[in-house]
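The values are calculated or read from the model by the stated rules, or taken from the named source; none is laboratory data. Since this is a predicted model, take the numbers as computed values, not measurements. Cβ placement follows ideal geometry from the backbone for every residue including glycine, while neighbour counts extend to all protein chains displayed. These area figures cover heavy atoms from the full protein model, side chains too; ligands, DNA and RNA do not enter into them. Shrake-Rupley method; radii C 1.70, N 1.55, O 1.52, S 1.80 Å.
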Amino acid sequence: MIRTAVSNDIPSIRTLMTSVPGFWHADWREDAIDIAIQSAGSLAFVYEENSRLLGFACGHDLGFLGYLSALVIAPRAQGRGLGSQLVEAVQQELVNRGCGVLISDVWKNSEGFYRNLGWRPPDVILLRKKLRE
Ligand SMILES: CC(C)(COP(=O)(O)OP(=O)(O)OC[C@H]1O[C@@H](n2cnc3c(N)ncnc32)[C@H](O)[C@@H]1OP(=O)(O)O)[C@@H](O)C(=O)NCCC(=O)NCCS
């Protein structure tokens, strides 16, 4: 079942993220998930099954466009369509708000997953400025 993420989900989301090798960044703030959920509002979703949290997607409405800041499915639940359903939930909520574009920086090895859902590379480049070493 997909539902909106709430603060009580934070420990389970953290466990989920650290269960996927390489997903959790050592330089992320301790309260990164809390801040992400708060800024997402009703665009943060979890997939729950038998009281176990199996997936998390975090979207953000930035006015000009939407941004998907996190998408992760528990290794044991991958390949069952949960990721697709969570992305669809974010997309649908943005469409309902009148937002026409959703972007994300994604892992290279998940490019096929996004292309399968109709995502394509835009005619721009992604740049990054590190704010601390
Ligand atoms: C990538 C991820 C979100 C996909 O979620 P999922 O629930 O496993 O994917 P789905 O079951 O919804 O897959 C939908 C389709 O995409 C395909 N697919 C899934 N992961 C894929 C990948 N990494 N590369 C190519 N295709 C992929 C599936 O085979 C399926 O194809 P089908 O419709 O022809 O059967 C999930 O595997 C995951 O969390 N991976 C680790 C973290 C990650 O990569 N996060 C996203 C980038 S930051």
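Data for the structure
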quantity	calculated
Residues of the stretch 66-84 that turn out to be among the polar types (S, T, N, Q) and in contact with a Gly (Cβ under 8 Å, 6 or more places away or on another chain), as a count	1
Pairs with Cβ under 8 Å, 6+ apart, first in the stretch 72-94 and within 7 Å of the ligand (Cβ to nearest atom), second open to solvent by less than 20 Å² (accessible area, probe 1.4 Å) and among the acidic types (Asp, Glu)	none
Matching residues in the stretch 54-71 - criterion: being more than 13 Å from the ligand (Cβ to nearest atom) and either over 18 Å from Ile103 (Cβ atoms) or open to solvent by 10 Å² or more (accessible area, probe 1.4 Å) (or both)	His60, Asp61, Leu62, Gly63, Phe64, Leu65
Tally, over the stretch 86-132, of residues that are open to solvent by 90 Å² or more (accessible area, probe 1.4 Å), of a type in the set (D, E, K, R) and not in a helix (DSSP H, G or I)	6
